[in-house]
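Read through the structure below, which is laid out as structure tokens, and then see the notes.
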Amino acid sequence: MTQKKYFPIIVSSPSGAGKNSVCDAVVEKCSDVEYSVSYTTRAIRRTEEEGVDYFFVSEDRFKKMIREDAFLEWAKYLGHYYGTSRKIVEDTISRNMFIILAIETKGAVQFMKNRPDALSIFIFPPSMKELERRLRNRKTDAPDVIETRLDNAKHEIADCIYYDRFIINDDIDRVSDEVIKWIYKKSEGKDIYG
Ligand code: 5GP
């Protein structure tokens, strides 16, 4: 019997296309997949919890962590820093667990270079019109922030070429099941394109 392999799973999408919901569903359905809690310098939102949604740190602390090589990847997004802890990823894999990261594309590409064993998945919105509708319905951002997100989405979609698999997010349940299928196929050394 082949030894089951554990690796990081990168999930990216333009904001509003549902990468967080897909990751939440995967974590809920699979007892051997954990969420990677990132570090960020942005302010905590009312609905968020320290250590659960993010580790919220100062810019000085974040920059010190960059110098100490504490991140497997980091990026600046809409004026704030975001990074994935090398230690969290390595500790999780060494416990024979998968770790799933919902991150933007520039950091994701860095991560793929540092961890070529990662499975990378890019999630498309059903259309740009639908993405715009979802962003406006969320009511979390001011209109100018929505415009910036839509503009960013175009650049992020261009980065889709670096990922192992694409999928259109038309249904969270279907998409999460598909992602789970790819995780276990890769884990058993099988072809994820079949
Ligand atoms: P938000 O501020 O809305 O929570 O996240 C903004 C963007 O940063 C999202 O696209 C989110 O996926 C991304 N992000 C969150 N954590 C990380 C991380 O550790 N690294 C990178 N590169 N992006 C992240």
Inset, instruction - Evaluate the following for GLU104: is it of a type in the set (D, E, K, R), touching a residue at least 24 places away in the same chain (Cβ under 8 Å) and either surrounded by 17 or more Cβ atoms within 10 Å (Cβ to Cβ) or under 26 Å from GLU28 (Cα atoms) (or both)? - result: yes
Inset, instruction - Within the range 88-113, count every residue that is closer than 21 Å to THR148 by Cβ and part of a helix (DSSP H, G or I). - result: 5
Inset, instruction - Please enumerate the residues belonging to the range 141-160 that are surrounded by 14 or more Cβ atoms within 10 Å (Cβ to Cβ) and among the charged types (D, E, K, R). - result: ASP141, ARG149, GLU156, ASP159
Inset, instruction - Look through the range 52-87, keep the residues that are in contact with a helix residue (DSSP H, G or I) (Cβ under 8 Å, 6 or more places away or on another chain) and in a loop (DSSP other than H, G, I, E, B), and return whichever of them is farthest from the ligand (Cβ to nearest atom). - result: ASP69
Inset, instruction - Would you point out the residue of the range 1-26, among those that are surrounded by fewer than 16 Cβ atoms within 10 Å (Cβ to Cβ), within 16 Å of SER187 (Cβ to Cβ) and in contact (Cβ under 8 Å) with a residue 40 or more places away in the chain, that is farthest from the ligand (Cβ to nearest atom)? - result: THR2
Inset, instruction - State which residue is farthest from SER176 (Cα to Cα) when the search covers only the range 113-140 and only residues that are exposed (fewer than 13 other Cβ atoms within 10 Å of the Cβ) and not charged (D, E, K, R). - result: THR140
Inset, instruction - Within the range 7-47, track down each residue that is over 16 Å from the mean Cα position of the chain (by Cα) and part of a loop (DSSP other than H, G, I, E, B). - result: CYS30, SER31, ASP32, THR41, ARG42, ALA43, ILE44, ARG45, ARG46, THR47
Inset, instruction - Report yes if some residue within the range 127-149 is closer than 24 Å to GLU73 by Cα, within 13 Å of the ligand (Cβ to nearest atom) and hydrophobic (A, V, I, L, M, F, W, C); otherwise report no. - result: no
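Bear in mind that the values in this text are calculations on the coordinates, not laboratory data. Owing to the predicted nature of the structure, the values given are computational and were not obtained by experimental measurement. Neighbour counts are summed over all protein chains in view; Cβ atoms, including those assigned to glycine, are modelled from backbone coordinates with ideal geometry.
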